[in-house]
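The values are calculated or read from the model by the stated rules, or taken from the named source; none is laboratory data. Computed from a prediction, not measured in an experiment: that's the story for all the values here. For neighbour counting, all protein chains shown are included, and Cβ atoms are generated from backbone atoms with ideal geometry for every residue, glycine included. Ligands, DNA and RNA are stripped out before the accessible areas are found, and what is left, the full protein with its side chains, is counted by its heavy atoms. Shrake-Rupley method; radii C 1.70, N 1.55, O 1.52, S 1.80 Å.
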Amino acid sequence: MLRDDFAVFILTHGRADNVVTADTLKRQKYSGKLYFIIDNEDDTAELYREKFGAENVIMFDKAAAVARADTMDNICEHRAILYARNESWRIAKELGLKYFLMLDDDYKDILIRWPEGTKLKGKSMVGPQLDGLFEAMLTFLDASGAAMVALAQGGDMIGGVNGGGYKMGLKRKCMNSMFCRTDTPVEFRGTMNEDVTTYTTLGSRGVLFFTFMRCQVTQIQTQSLSGGMTEAYKESGTYTKSFYSVMSMPSCVEIGKMGGSHQRTHHQINWDCCVPKILNQKYRKEKNDAEYRLE
């Protein structure tokens, strides 16, 4: 059984009959606490309670969350995960938790990845392996001093063994699977692309965010599920979504193209201009006491 001061939060809306992440955690034998975070404008709230137990469904006040949030726009449209993300710290505190993991509701697998020859292999983490991964990520969160840490996504593995992502071991981003401390809240901003906007904006100020590249979450194809943010994305595509991060960090985020034969608009980050570099301690130059003395 996982530590008692930790829980997984699945942030979800309108998908009570198809919370893919819950099925995945059950199949992979996650043993810890699990809560479903919904808002009071969700018409399927009772179905969530019937299916997962009323004690495991936490509802927050959407109007109050909207009033507290910086959406970065004047659009009267609040179909956004932004509010659930920001409310998660308040909810975790009320539940008496020290740590929590924010997950979206569309993950079909949690994998460990390793090189085998020229191939990048993967295998589902089950039972003690999955619990052990979550424990290790919490240890990393504390030891690194990061605001949040995350597992990789499928896109981070492009290029396989020889791709830049896997070889890096760590990336300075943090998306989707966010391990958090209750006593160090992070304020997300923007109706869309709130995760990218947050780790680039706060990252530019020296706040640490990391993605661990040896394990990953695998998501259902974008916009293939109804509910959640799907309808909002379908209406404006990724063009509008990407511009929130450009507005916040024009010094390092721009609009580009992503994909092969069927390209789509997507943000591009110039990391050289985004975050302060972290240098290995071996490059530290020590000074003797005399150099520190005032004349």
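Structure above, values below:
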item	result
Within the range 233-284, tally of residues that are buried (at least 16 other Cβ atoms within 10 Å of the Cβ), among the β-branched types (Val, Ile, Thr) and at pLDDT 85 or above	5
Test: residue in the range 159-182 that is open to solvent by less than 30 Å² (accessible area, probe 1.4 Å), within 28 Å of residue 65 (Cα to Cα) and of a type in the set (Ser, Thr, Tyr)	yes
Test result for residue 190, among the small types (Gly, Ala, Ser), more than 30 Å from residue 281 (Cα to Cα) and touching a Phe, Trp or Tyr at 6+ places or on another chain (Cβ under 6 Å)	yes
Odd one out for residue 148 among (1) open to solvent by 10 Å² or more (accessible area, probe 1.4 Å); (2) within 24 Å of residue 56 (Cα to Cα)	(1)
Any hit, the range 86-93, residues being at pLDDT below 95 and either among the polar types (S, T, N, Q) or within 17 Å of the chain's Cα centre (by Cα) (or both)	no
Some residue of the range 129-143 being over 18 Å from residue 10 (Cβ atoms), among the polar types (S, T, N, Q) and touching a residue at least 24 places away in the same chain (Cβ under 8 Å)	no
